[in-house]
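What follows is a single structure, written as structure tokens, with notes after it.
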Amino acid sequence: MTELSVRVTDLHIEFEVSGDRRAGLRQRLATQKGSGRRLIKAVNGVSFETRRGEAIGVIGSNGSGKSTLLSALAGLIKPTSGEILVSCEPKLLGVGAVLLNGATGIRNIRLGCLALGMSSEELDDRVAEIVEFTGLGEAIDRPLKTYSAGMRARLHFAISTAVQPEILLVDEALSVGDKEFRKKSRAKIESLLANAGTLFLVSHSTKQIERLCTRGLWLENGKLLADGPIADVIAQYGDDEYGADD
Amino acid sequence: MTVHDDPHPESDDQDQDQGLFSLDESVSSRAYVAEIWKRRDFALSLPIEELQSSHKDTLFGNIWHLGNPLLTAGVYYLVFGKLLQVSRGVDNFVVWLMIGVFTYQLTSGTIRGGASSVASRQGLMQSFRFPRAIVPISNMIGELLAFAFQLLVIVLCAFATGVGPSRRWFLLPVILLIHTAFNLGGSFIAARLNDGFRDIQQLIPFVLRLAMYASGVMFPLDRIIGRNDLVDWLVRLNPIASLINFYRWMILGTELNVATSALAVVESLLILWFGFRFFKVAEYRYGQP
């Protein structure tokens, strides 16, 4: 049996939401009186284990906690309670990842790779290959703010897979980009899985997930509704009222 | 299929546990610093990118990094040197003033930027996992880069006013290191406070302005000394005043108070040490939604 790559035990993630994004002194004082704040349970008691070589598709409707789960797996959000154990630091680069808008595509590649922990020597060796993978051509020398959503997605995907993580977390990034790029990204993911990595793929498109994943996790309202072979989970998701959108 | 149906039934839990670890365990200071060092290229590339794109919309572009301090020097020369002809009892008042203003700007800019950086870099922190101390550190590096241009202008003006180079100038790396220790420590403290209460960001400019008057930036400190014991002590304990004084001694050869300078070194290192720990305790909170 292959090794465990991720173990999530009774994971809970809660956010306190006040009208504004962040509490100032006034809200802090108001909290004392117990007013004005809501608790959102983004992830509510989720447990699972994954092994190397698995490709896990995470499905569920908007706001079901999929992205929060991925952020927590990447260590970007601290669990409120429960535990996440990993064999290796997972890398996440969602389509919403923030890079420097004013800087060019190539500079953002450098920055992103450095942020993901690549050394600058390694980066110098690989930057040409990463640029090539994006297929952005001369647009790579244009500032990021001039990019379309699809171009950004390509850039993000190229950066996050450049570090060749053992555990790769992909958030919707594959659903954009043209046919050729989708083919390339699928090949990239397959090569990652061939090297016995673990993939988590969050997507609305069950078609895409079915093609790439072996196992499915179905999240709804922060709870795990199903966990099993991808075809079974998608069948369940499709039968359910939640799954009406795809 | 049931909710927690596991395609890989467990029999060997204990063995499989090995090699798994948690990402949110807090690390020792040493490991934390090692992690920062590993990402040093990232810490450096962030401010360089921003510096390069900061004047992109202007016609002269990067020339402004030098043009800005040069114009400031020009204004001081016109107003204090030509129009008012004040010297406030100081030789070469214009250069003396520039040293005070630019070095104090390095401190105030680093602390103010450090505080706002934990808010402005929230997106970056939500996208990448790295030691959060890199955020105020790269802000500090950005301020140092801007200061390099200002320092160049100071030296140019010193030459222009007949101040020759001296052996004391070799102490520049030492003073810069101590000054940076103080700035970074202050920046860590401001960042942590501002992450807890965003109101701090509004207060910091006033604190910094008050501190400026107690640091002898615009006028010699002997003007406020000797009237009130408390003020006297605050000025003597104020490391920024001693640091600015050290720069002036180095470049202009003004008097140096060895005791307060030594005290400033100790204070700066203490502030860095405390600030680092103070910041690190709340590591996981920065950038959280």
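The values are calculated or read from the model by the stated rules, or taken from the named source; none is laboratory data. Here the structure is a predicted model, which is why all the values come from computation and not from measurement. In this analysis, Cβ positions are derived from the backbone assuming ideal geometry, glycine residues included, and neighbour counts consider all displayed protein chains.
Below, the figures for the structure above:
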| quantity | calculated |
| --- | --- |
| Residue that is small (Gly, Ala, Ser) and modelled with pLDDT of 90 or more, where the choices are A:82, A:53 | A:82 |
| Checking residue A:138 against (1) at negative phi; (2) touching a helix residue (DSSP H, G or I) at 6+ places or on another chain (Cβ under 9 Å), the condition it does not meet | (2) |
| Contacts under 6 angstrom Cβ, first residue in the stretch A:114-136 being closer than 23 Å to residue B:132 by Cα, partner crowded, with 22+ Cβ neighbours inside 10 Å and of a type outside the set (Ser, Thr, Tyr), 6 or more apart | A:114/B:42; A:115/B:42; A:115/B:128; A:116/A:91; A:123/A:113 |
| Hits in the stretch A:61-78 - residues which are modelled with pLDDT of 90 or more and either more than 16 Å from the chain's Cα centre (by Cα) or of a type in the set (S, T, N, Q) (or both) | none |
| Hits in the stretch B:98-155 (condition: β-branched (Val, Ile, Thr), farther than 22 Å from residue B:217 by Cβ and more than 13 Å from chain A (Cβ to nearest Cβ)) | B:137, B:141 |
| Any hit, the stretch B:259-281, residues being in contact (Cβ under 8 Å) with a residue 24 or more places away in the chain, surrounded by fewer than 16 Cβ atoms within 10 Å (Cβ to Cβ) and of a type in the set (D, E, K, R) | yes |
| Condition check for residue A:156: under 17 Å from residue A:67 (Cβ atoms) and either part of a loop (DSSP other than H, G, I, E, B) or among the basic types (Lys, Arg) (or both) | no |
| Residues that are modelled with pLDDT under 85 and exposed (fewer than 13 other Cβ atoms within 10 Å of the Cβ), drawn from the stretch B:20-51 | B:25, B:26 |
| Count of the stretch B:53-91 residues which are surrounded by fewer than 16 Cβ atoms within 10 Å (Cβ to Cβ) and facing another protein chain (nearest Cβ under 10 Å) | 2 |
| Neighbours by Cβ (under 6 Å, 6+ apart or cross-chain): first from the stretch A:68-85, in the same structural domain as residue A:222 (by TED's automatic domain parsing); second among the hydroxyl-bearing types (Ser, Thr, Tyr) | A:77/A:71; A:78/B:284; A:82/A:9; A:83/A:9; A:85/B:22 |
| Every pair of residues 6+ apart whose Cβ atoms lie under 6 Å, when the first sits in the stretch B:225-242 and is more than 25 Å from residue B:272 (Cα to Cα) while the second is of a type in the set (Gly, Ala, Ser) and surrounded by 14 or more Cβ atoms within 10 Å (Cβ to Cβ) | none |
| All positions within the stretch B:184-202 that are among the aromatic types (Phe, Trp, Tyr) and either buried (at least 20 other Cβ atoms within 10 Å of the Cβ) or away from chain A (no Cβ under 14 Å) (or both) | B:188 |
| When residues of the stretch A:112-152 are limited to those that are under 22 Å from the mean Cα position of the chain (by Cα) and among the polar types (S, T, N, Q), the one farthest from the other protein chains (Cβ to nearest Cβ) | A:148 |
| The one condition in (1) over 27 Å from residue A:223 (Cβ atoms); (2) modelled with pLDDT under 75 that residue A:113 fails to fulfil | (2) |
